[in-house]
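J.: Please read through the structure below; I'll follow up with questions.
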Amino acid sequence: MSRPPNLFKRVFLPVVLLFVLTAFVVRLAIDPGLRGYFDPHFWRQWWRIGQVMQLAHQDYLHPDKVKFDKLADSALGHVLDGLDRYTDYMLPADYQDFLRESDQRFVGVGVEIERRHGSIQVYHVFNESPAQKAGWQAGDHIVKIGDTDVRDYNLPAVADLLRGTDGSSVQVTLERPGETKTLVNTLTRGGFDVPNVRDTELRKDLVGYVRLTQFGKQTGQEFCDAISDMQKKGMRGLVLDLRDNPGGLLDAAVEVLEPLLPAHQLVVTTRGSDGQQDGSLFTSGNGTIHFTGPVVVLVNNNSASASEIVSGALQDTRRAVILGERTYGKGVVQSVMPLGDGGGLRLTTEAYYLPGNSSQPAGRTIQDTGITPDVPMSLTAETSDLLRLERSDLRHDSPETFASSFGFMPLPDPEVEAAAGLIRAATPNFAK
């Protein structure tokens, strides 16, 4: 008795294999990066790494240190450390933090804290955050979180205790300068926006001041809104403060330049691993906000990446005077790629080049050299620290209230005053 033909093996399986092979070839054509999987050297190295991980997992003296996930995380970190200081592997939790930072949307109680004079002190409370709704103020001291006394804890440990999931609760005990009773709040953690335009002011001399802390998805719109508001009040010049701004999204840097530069102005050029020009970014000219008055940009050694693109483009186009210290010198761009485990890869993929001018070479890089200010000026570390506190919400309170919270009277910012003086000197009939 003959057996019936196995239709699955004879017909369906070849069809399925042909379909899978065709799909892979199509994907290979779309994504040339997959071609590395055909390299025998690639598989030999993976076999070598796998052998080491297996032997360590199997025979190491302390088994808790050689779980496969720990070994893989450690291996990835060491592999990328050898490339450059900006490339790294982000664990799932770190990758989610990165996305929230870029989106400018966080979950928590909504404060920034620091250790000062032996205690944990609140120096900024975000609008519409749980902490603001509970009545927290800049200058409050955090004494307990739950039943844990945190006065001797370091900042990361306190921040970890304050963090939590959306909707979870945390009890916090505060001390407020000038009050004898402690304040006990039970807060429900929730979402809140973190603006990157953190301080704006139109001075009496009609010089506008805007401080940017980072470059995120909302920064361009926030900046345009601030410029528009001060223009309506008669702004004659602008001080743009990029001190201690570590950078952020490249597109956000271009958006910040939109109201300050003419349409279709070259901002930055990027080049990939082959050294060829990959792309150029220009202002679009589509915005409705335009400011043509004098601009001074404040920078320091911690102004990096997108901050250097903004200050460098304004310098090269002679649109602004740069005042302060030489900037950090980060002239490379990272691409962020999501991974299957929920983590992310931040990989240096391009170098960027500024537009240049008659005195600056076209396509100049600032990698490791930074932006050299037109007007060099620096502050002592102590003065910088005090001024950073002043730029919290308390800078709008009375000097007496500020002094009772932070222990010193407000002082003028020498670099802001110097920038305002440059603007007044450059503008005929400027308001005194």
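The values are calculated or read from the model by the stated rules, or taken from the named source; none is laboratory data. The structure presented is a predicted model; accordingly, all values stated were derived computationally and were not measured. For neighbour counting, all protein chains shown are included, and Cβ atoms are generated from backbone atoms with ideal geometry for every residue, glycine included. All accessible areas refer to the heavy atoms of the entire protein, side chains included, with ligands and DNA or RNA removed. Shrake-Rupley method; radii C 1.70, N 1.55, O 1.52, S 1.80 Å.
J.: Can you spot a residue in the range 50-73 that is in contact with a strand residue (DSSP E or B) (Cβ under 8 Å, 6 or more places away or on another chain), of a type in the set (Asp, Glu) and either part of a helix (DSSP H, G or I) or farther than 20 Å from Arg391 by Cβ (or both)? Full working, then the answer.
T.: In the first step, residues of the range 50-73 are kept if they are in contact with a strand residue (DSSP E or B) (Cβ under 8 Å, 6 or more places away or on another chain); the result is 73.
Among the residues that remain, those that are also of a type in the set (Asp, Glu) are: 73.
Next, only the ones that are either part of a helix (DSSP H, G or I) or farther than 20 Å from Arg391 by Cβ (or both) stay: 73.
Yes, some residue in the range 50-73 is in contact with a strand residue (DSSP E or B) (Cβ under 8 Å, 6 or more places away or on another chain), of a type in the set (Asp, Glu) and either part of a helix (DSSP H, G or I) or farther than 20 Å from Arg391 by Cβ (or both).
J.: Let me ask something additional. List pairs: first in the range 91-109 and under 16 Å from Asp341 (Cα atoms), second in a helix (DSSP H, G or I) and open to solvent by 50 Å² or more (accessible area, probe 1.4 Å), Cβ under 8 Å, 6+ apart or cross-chain?
T.: Qualifying pairs under 8 Å: Leu91/Asp73.
J.: Return only the number of the condition from (1) under 30 Å from Arg424 (Cβ atoms); (2) open to solvent by 10 Å² or more (accessible area, probe 1.4 Å); (3) in contact with a Gly (Cβ under 8 Å, 6 or more places away or on another chain) that Gly237 does not satisfy.
T.: For Gly237, the failing item is (2).
J.: Out of (1) modelled with pLDDT of 90 or more; (2) in contact with a His (Cβ under 8 Å, 6 or more places away or on another chain), the odd one out for Ser129 is which?
T.: Going through (1) modelled with pLDDT of 90 or more; (2) in contact with a His (Cβ under 8 Å, 6 or more places away or on another chain) one by one, Ser129 breaks only (2).
J.: Quick one: is Asp229 surrounded by fewer than 23 Cβ atoms within 10 Å (Cβ to Cβ) and free of Cβ contacts under 8 Å to residues at least 24 places away in the same chain?
T.: Working: surrounded by fewer than 23 Cβ atoms within 10 Å (Cβ to Cβ): yes; free of Cβ contacts under 8 Å to residues at least 24 places away in the same chain: no.
When the stated conditions are applied, Asp229 does not pass them.
J.: Select from the range 367-386 the residues that are in a loop (DSSP other than H, G, I, E, B) and not β-branched (Val, Ile, Thr) and write down the one among them that is most open to solvent (accessible area, probe 1.4 Å). Break it down stepwise before answering.
T.: So in the range 367-386, the residues in a loop (DSSP other than H, G, I, E, B) come out as 367-374, 377-380.
This time we only want the ones that are not β-branched (Val, Ile, Thr), so: 367-368, 370, 373-374, 377-379.
Working: Gln367: 55, Asp368: 104, Gly370: 7, Pro373: 17, Asp374: 81, Met377: 55, Ser378: 79, Leu379: 39 Å².
So, considering only residues that are in a loop (DSSP other than H, G, I, E, B) and not β-branched (Val, Ile, Thr), the one most open to solvent (accessible area, probe 1.4 Å) is Asp368.
J.: Moving on. If only one of Arg105, Arg115 is open to solvent by 60 Å² or more (accessible area, probe 1.4 Å) and under 21 Å from the mean Cα position of the chain (by Cα), which one is it?
T.: Details: Arg115 fails: under 21 Å from the mean Cα position of the chain (by Cα).
Arg105 is the lone residue from the list that is open to solvent by 60 Å² or more (accessible area, probe 1.4 Å) and under 21 Å from the mean Cα position of the chain (by Cα).
J.: Let me ask something additional. Any residue in the range 279-304 that is among the aromatic types (Phe, Trp, Tyr) sitting within a Cβ distance under 8 Å of a residue that is part of a strand (DSSP E or B)? List the pairs, counting only those 6 or more apart or interchain.
T.: Phe282/Leu266; Phe282/Val267; Phe291/Leu238
J.: If you don't mind, another one. Hey, can you tell me all the residues within the range 74-88 that are part of a helix (DSSP H, G or I) and either of a type in the set (A, V, I, L, M) or surrounded by fewer than 12 Cβ atoms within 10 Å (Cβ to Cβ) (or both)? Lay out the reasoning, then the answer.
T.: We begin by selecting, within the range 74-88, every residue part of a helix (DSSP H, G or I); these are 74-81.
If the condition is that a residue be part of a helix (DSSP H, G or I) and either of a type in the set (A, V, I, L, M) or surrounded by fewer than 12 Cβ atoms within 10 Å (Cβ to Cβ) (or both), then Ala75, Leu76, His78, Val79, Leu80 are the ones that fit.
J.: Looking only at the range 171-199, count how many residues are open to solvent by less than 60 Å² (accessible area, probe 1.4 Å) and either part of a loop (DSSP other than H, G, I, E, B) or among the β-branched types (Val, Ile, Thr) (or both).
T.: Restricting attention to the range 171-199, the residues satisfying the condition of being open to solvent by less than 60 Å² (accessible area, probe 1.4 Å) are 172-174, 176-177, 183, 185, 187, 189-192, 194-199.
Now drop any that are not either part of a loop (DSSP other than H, G, I, E, B) or among the β-branched types (Val, Ile, Thr) (or both), which leaves 172-173, 176-177, 189, 194-197.
Looking only at that region, the number is 9.
J.: Give me the residue from the range 293-321 that is surrounded by 24 or more Cβ atoms within 10 Å (Cβ to Cβ) and assigned to a strand (DSSP E or B) and, out of that set, nearest to the chain's Cα centre (by Cα).
T.: Per the criteria, the residue is Val299.
J.: Anything in the range 330-344 that is of a type outside the set (A, V, I, L, M), open to solvent by 20 Å² or more (accessible area, probe 1.4 Å), farther than 21 Å from Leu281 by Cβ and in contact with a strand residue (DSSP E or B) (Cβ under 9 Å, 6 or more places away or on another chain)? List them, or say none. Talk me through it step by step, then tell me what you get.
T.: From the range 330-344, those of a type outside the set (A, V, I, L, M) are 330-331, 334-335, 338, 340-344; that's our starting set.
Keeping just the survivors that are open to solvent by 20 Å² or more (accessible area, probe 1.4 Å) gives 330, 334-335, 338, 340-342.
Applying the additional criterion that residues be farther than 21 Å from Leu281 by Cβ yields 338, 340-342.
Passing the criteria: only Pro338.
J.: If I ask for residues that are in a helix (DSSP H, G or I) and buried (at least 18 other Cβ atoms within 10 Å of the Cβ), which ones from the range 89-102 would you list?
T.: Of the range 89-102, the ones in a helix (DSSP H, G or I) are 92-102.
Answer for the range 89-102, where residues must be in a helix (DSSP H, G or I) and buried (at least 18 other Cβ atoms within 10 Å of the Cβ): just Tyr95.
J.: Of the residues Thr283, Thr349, Thr327, which single one is over 30 Å from Leu387 (Cβ atoms), at pLDDT 95 or above and open to solvent by less than 50 Å² (accessible area, probe 1.4 Å)?
T.: Working: Thr349 fails: at pLDDT 95 or above; Thr327 fails: over 30 Å from Leu387 (Cβ atoms).
Result of the check over Thr283, Thr349, Thr327: Thr283.
J.: Let me ask another. Of all residues in the range 248-258, which are of a type outside the set (A, V, I, L, M, F, W, C) and surrounded by fewer than 21 Cβ atoms within 10 Å (Cβ to Cβ)? Break it down into steps so the answer makes sense when it comes.
T.: So in the range 248-258, the residues of a type outside the set (A, V, I, L, M, F, W, C) come out as 248, 251, 255, 258.
Answer for the range 248-258, where residues must be of a type outside the set (A, V, I, L, M, F, W, C) and surrounded by fewer than 21 Cβ atoms within 10 Å (Cβ to Cβ): just Asp251.
J.: Same structure again: Among the residues of the range 123-153 satisfying the criterion of being in contact (Cβ under 8 Å) with a residue 24 or more places away in the chain and part of a strand (DSSP E or B), which is surrounded by the most Cβ atoms within 10 Å (Cβ to Cβ)?
T.: Going through the qualifying residues, I end up with Val125.
J.: Right, another one. Within the range 261-277, identify whether any single residue is within 16 Å of Pro355 (Cβ to Cβ), among the charged types (D, E, K, R) and open to solvent by 40 Å² or more (accessible area, probe 1.4 Å), and answer yes or no. Quick ask: steps written out before the conclusion?
T.: Taking the range 261-277 as the starting set, the residues that turn out to be within 16 Å of Pro355 (Cβ to Cβ) are 261-271, 277.
Remaining after also requiring among the charged types (D, E, K, R): 271.
Add one more test, that the residue is open to solvent by 40 Å² or more (accessible area, probe 1.4 Å), and what stays is 271.
Yes, the range 261-277 has at least one match.
J.: Sort out which residues of the range 104-119 are modelled with pLDDT of 90 or more and closer than 27 Å to Tyr328 by Cα, and write them in order of number.
T.: Residues satisfying the conditions are Glu112, Ile113.
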